[in-house]
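Notes for the one structure printed next.
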Amino acid sequence: MPAPASRLYFNNPVGRVMEHPDGYAHVIYEPGARQLHHLQAFLTHTGQLLRLRGWHKLLGDQRQLAPYTPEESQWIVDYWLTAEQRGTHTIYGAVVLPQDVFARLSVSEIMSEAKAAALTYRLFDSEETAQDWLRQLP
């Protein structure tokens, strides 16, 4: 019998938020520039999915991610990384790094800010190793 497939929870120009059958949110970023309000909706819906399902794990596929703008970075740090807004106090995030070197730098800057938030994360070069790490977590 084939494994159950992920189910689409939310979609907009930023990407797709999927419900993974192993019990985590799988966010897949699309390439190209974003509008701030689209990113805000994308991440807000991600937090809603985590709350709705009682999940505390997230797989972020950022391979096609364009660098975050300063405004996007600021909003992520000031708003989305706060536990109250995400809807859960502890999140384990497996992040598949962007291919673009400047996008990698913008992700690294945000992740350094995440250390102060309730976000435990690891960075990966492949989705398979990221999924393996998530499976090992409680």
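Averaged over its residues, the chain has an accessible area of 52 Å² per residue, based on protein heavy atoms and a 1.4 Å probe. Two numbers describe the Cα atoms of the chain: Rg and Dmax, which are 13.8, 46 Å. For the pair Arg122 and Leu36, label points projected 7 Å from Cα toward Cβ lie 3.5 nm apart. Figure note: His20, His45, His37 ranked by solvent-accessible area, largest first, 1.4 Å probe, ligands and nucleic acids not counted: His37, His45, His20.
Placing +1 on the Cβ of every Lys and Arg and -1 on the Cβ of every Asp and Glu, with nothing else charged, gives the chain a dipole about its Cα centre of roughly 360 debye. Projecting the Cα positions of Leu49, Gly93, Gln131 onto the charge dipole of the chain (unit charges on Cβ atoms of Lys, Arg, Asp and Glu, taken about the Cα centre) puts Leu49 furthest along the positive direction. The calculated FRET efficiency for the pair Tyr79 and Asp22, based on their C-beta separation and a Förster distance of 30 Å, comes to about 0.60.
The apolar share of the surface of the chain, taken as the fraction of accessible area on carbon and sulfur atoms (1.4 Å probe, ligands and nucleic acids excluded), comes to 53 percent. With a 1.4 Å probe rolled over the protein heavy atoms of all chains, the accessible area of Glu72, Glu30 falls in the order Glu30, Glu72, largest first.
The values are calculated or read from the model by the stated rules, or taken from the named source; none is laboratory data. Fair warning: this is a prediction, and the values are worked out from it, not measured in the lab. Methodologically, a virtual Cβ is constructed for each residue, glycine included, from the backbone with ideal geometry; neighbour enumeration extends over all protein chains shown. The area values use the complete protein model at the heavy-atom level, side chains included, leaving out ligands, DNA and RNA. Shrake-Rupley method; radii C 1.70, N 1.55, O 1.52, S 1.80 Å.
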